[in-house]
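> Take this structure, written in structure tokens, and hold onto it; I'll ask about it next.
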Amino acid sequence: MTRTAIGLRRGAALAALLLAGTATGAHAQFSGDPASGDGPAAGSASSSEPGADRQGRRGERQRKQRQIDVAPYLEVGQVVGVNLKGGNGDDVLTYTTVAAGVDAAIVTRRVELAGTLRYEHQFGWGRQSDQDIVSGLVRGRVEVSRGFNLEAGALATRTRIDGQGRGGDLLFRNDGSTANLYSVYAGPTLTQRLAGLDVGAGYRFGYTKADIDTGPVAGVRPTGAFDSSTNHVAWASVGQRPGDLPFGWQVSGGYEREDARQFDQRYEGKFARADVTVPISPTVALLGGVGYEDIEIGQRDPLLDTNGVPVRDAAGRYVTDKSKPRQLAFDTDGLIWDAGVMWQPSRRTSLTAKVGRRYGDTIYTGSFAYRPDHATLFQVGVYDGLSSLGRGLSGGLSALPTQFDPTRNPISGDVDSCVFGQGTGGCLNNQIGNVGAFQYRNRGVQAVLSSSYGRWHYGVGAGYDRRRLLVPRGSVLANLNGITDESYYLFLSAGRQLDADSDLTVSGYLSYFDNGAPGVGDVQSAGLSASYSRRFWRSLTGTAAASINAFDQDGFNSQLIGSALVGLRYNF
């Protein structure tokens with residue numbers, strides 16, 4: 001009897017873990033990126049096991065002491081890049097960089113924040129023009145009162161607009177194929193325990209903008225470039241843990257809307273559903289849910305010239321014909337359901353797998369998390385849903401951890417697409433690697449490993465993403481409907497503190513973009529960089545760095561670029 005009672009208590013605890021964070025469970029119904037879809041982002045703060053998120057944050061607070069580390073700095077450097085193979089005739093590129101920035105890591109009883117912000121001016125030599133670059137990544141949370149949080153995040157970075165992914169050749173790109181990408185989100189979340197019920201609610205506002213000066217001159221994507229969008233997400237839920245009943249239950253609902261400037265696009269979705277969690281053993285629980293959803297995606301046609309050809313602006317974006325009505329690119333309403341299993345053999349390991357029916361199709365989602373110690377996390381997320389650049393970035397930022405070590409490319413200064421911390425991590429590769437104009441159906445998998453051992457700390461991010469464009473069948477661009485892109489990516493980072501005054505950092509990436517657009521070739525890119533930093537006097541640090549990047553697109557000359565930097569930084 002004692003063993004049976006213990007088993008029942010452990011089974012109830014497993015179900016309670018699933019239902020404790022009801023707001024997160026309801027929120028997971030939206031979008032389809034690894035960070036915001038049915039499957040959680042690898043390394044994200046929110047997972048498909050809502051209670052795990054809350055317990056994880058509590059554990060982090062217990063392990064970490066109060067920390068307020070805000071480090072503003074000034075930096076000056078000299079960069080030389082050599083086009084070792086291919087290119088557009090600029091064999092050597094040289095510029096001087098002057099930068100001001102701040103890195104921050106804050107942990108208090110009510111505030112968690114990690115971020116990096118940098119303004120850089122590059123003084124070009126010879127034919128290289130001057131330019132200003134703003135880049136940064138911030139993710140934070142403020143606990144206003146018990147269970148009521150204000151969450152926010154922001155990103156400023158550079159990426160490509162021609163569908164060739166976010167490679168390491170941005171140093172030599174002055175052909176209009178790059179864009180400054182900005183995204184911000186903010187909103188409150190509420191999780192309360194009232195009268196034996198778990199009550200959750202939340203709201204999120206997001207804004208994303210791609211700033212493009214001129215359009216690409218070669219290899220342009222026929223699908224056009226993103227402009228800007230705003231999105232709103234609201235959700236609420238109520239549930240009960242096992243106890244009075246032998247199972248846990250949850251009822252939830254939500255609404256999401258995005259308005260995009262390109263094509264005057266509009267995404268509107270709403271859902272209501274009920275879920276149950278039935279523990280069948282101390283380590284296994286069955287999951288099931290059923291509900292209703294209604295989703296519509298619409299857009300207007302582009303303006304046509306006298307020859308019937310869609311008109312583009314100077315940045316390569318399609319010009320919207322405001323006189324034409326919106327046409328539906330996607331429309332579904334009706335019953336949704338999913339069923340699955342959760343296995344949690346210990347507090348360090350959990351596995352969730354689901355199969356269901358959404359978007360008029362069968363979907364498969366899941367997650368796996370393994371935390372062998374406080375400094376190590378391995379997590380995998382499988383996702384399937386609907387998304388866009390704007391909604392994907394808002395969801396991706398919200399899923400990043402609130403504590404990470406902000407890292408940058410040592411040569412270009414761009415924010416790395418993956419971030420890692422002590423037992424935390426997350427990646428934005430899917431969102432920033434393709435600045436497309438259309439909504440899409442996507443599915444894929446993302447994995448993150450973050451760990452430290454002795455003076456070493458390292459992280460790995462990897463994934464696969466498959467996107468199918470959604471375009472109205474009656475549109476003049478109907479030939480783009482159903483175009484499918486596939487991308488594979490790998491990012492690695494490792495660092496070691498050599499002594500009290502010096503450290504070494506090595507990072508690398510590998511990506512392959514299988515382009516489904518007509519007339520545009522597949523893209524492969526890879527790169528490796530290393531930097532050495534040493535403190536000379538008090539707050540004065542010197543840095544030497546080198547990198548090698550390779551880029552190849554079908555139909556174009558491949559490139560091999562070598563770069564080096566020497567610089568000084570003064571931390572205040």
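The values are calculated or read from the model by the stated rules, or taken from the named source; none is laboratory data. This is a predicted model, so every value here is computed, not measured. Reconstructed Cβ throughout: ideal geometry from the backbone, glycine too, with neighbour counts over all protein chains shown. The accessibility values were calculated without ligands, DNA or RNA, using every heavy atom of the protein model including side chains. Shrake-Rupley method; radii C 1.70, N 1.55, O 1.52, S 1.80 Å.
> Taking the Cα centre of the stretch 234-317 as origin and charging only Cβ (+1 Lys, Arg; -1 Asp, Glu), how large is the dipole, in debye to the nearest 20?
Magnitude of the dipole: close to 180 debye.
> Here's a follow-up. Please give the per residue volume of the convex hull enclosing the alpha carbon atoms of the stretch 358-461, rounded to a whole number of Å³.
106 Å³
> Please list 3J(HN,Hα) in residue order for the stretch 547-561, calculated via the Karplus relation 6.51 cos²θ - 1.76 cosθ + 1.60 where θ = phi - 60°; whole Hz, with x for glycine and proline.
8, 9, 10, 10, 9, 9, 10, 4, x, 10, 5, 6, 10, 9, 10
> Sticking with this one: Please list the equivalent ellipsoid semi-axes of the stretch 295-443, computed as the square roots of five times the alpha-carbon gyration tensor eigenvalues, in descending order and whole angstrom.
After scaling each eigenvalue by five and taking roots: 38, 25, 9 Å.
> What FRET efficiency do you get for residue 84 and residue 479 if R0 is 51 Å and r is their Cβ-Cβ distance, rounded to the nearest 0.05?
About 0.85, to the nearest 0.05.
> What net charge is computed for the residues neighbouring residue 325, neighbours being all others with C-beta under 14 Å from the C-beta of residue 325, Lys and Arg scored +1, Asp and Glu -1?
+1
> Something else: If I stretch the segment between residue 71 and residue 111 completely, what's the gain in nm (0.36 nm per residue apart, minus their alpha carbon distance), one decimal?
12.7 nm
> Where the accessible area of the stretch 310-413 is counted over protein heavy atoms with a 1.4 Å probe, how much of it, in %, is carbon and sulfur?
Answer for the stretch 310-413 is 57 percent, counting heavy atoms of protein chains only.
> How many nm separate the modelled label positions at residue 357 and residue 319, each set 7 Å beyond the Cα in the direction of the Cβ?
The answer from the label model is 4.7 nm.
> Could you name the aspartates and glutamates in cross-link range of residue 85, using Cα to Cα under 14 Å and dropping any fewer than eight places away on the same chain?
169, 552
> Find how much the distance from residue 96 to residue 564 grows on full extension, using 0.36 nm per residue of separation minus their present alpha carbon separation; answer in nm with one decimal.
Here the answer is 167.3 nm.
> If you take the charge dipole of the stretch 512-572 about its Cα centre, with +1 on Lys and Arg Cβ and -1 on Asp and Glu Cβ, which of 543, 519, 565 is farthest toward its positive end?
Working it through, the farthest residue towards the positive pole turns out to be 543.
> Just to confirm a number: summing +1 for Lys and Arg and -1 for Asp and Glu over residues other than residue 570 whose beta-carbon lies under 13 angstrom from that of residue 570, what do you get?
For residues surrounding residue 570, the net value is +2.
> Give the calculated FRET efficiency between residue 548 and residue 370 to the nearest 0.05, with a Förster radius of 45 Å applied to their Cβ-Cβ distance.
Efficiency at R0 = 45 Å is approximately 0.85.
> Something else about it: Could the peptides 304-311, 250-257 be put in order, highest first, of the mean number of other beta-carbon atoms found within 10 Å of their residues?
Highest mean packing first, the order is 250-257, 304-311.
> Given a Förster distance of 35 angstrom, what is the FRET efficiency for residue 274 paired with residue 230, based on the Cβ-Cβ distance and rounded to 0.05?
With R0 = 35 Å, the Cβ-Cβ based efficiency is 0.70.
> Pull up the cross-link candidates among the lysines for residue 270, meaning alpha carbon to alpha carbon under 27 Å and not fewer than 8 places away within one chain.
List returned: 209, 322, 324, 354.
> Output wanted: per-residue J couplings in Hz (rounded whole) for the stretch 72-77, from phi through Karplus 6.51 cos²θ - 1.76 cosθ + 1.60, θ = phi - 60°, x for Gly and Pro.
In residue order, the calculated couplings are x, 8, 10, 9, 9, x Hz.
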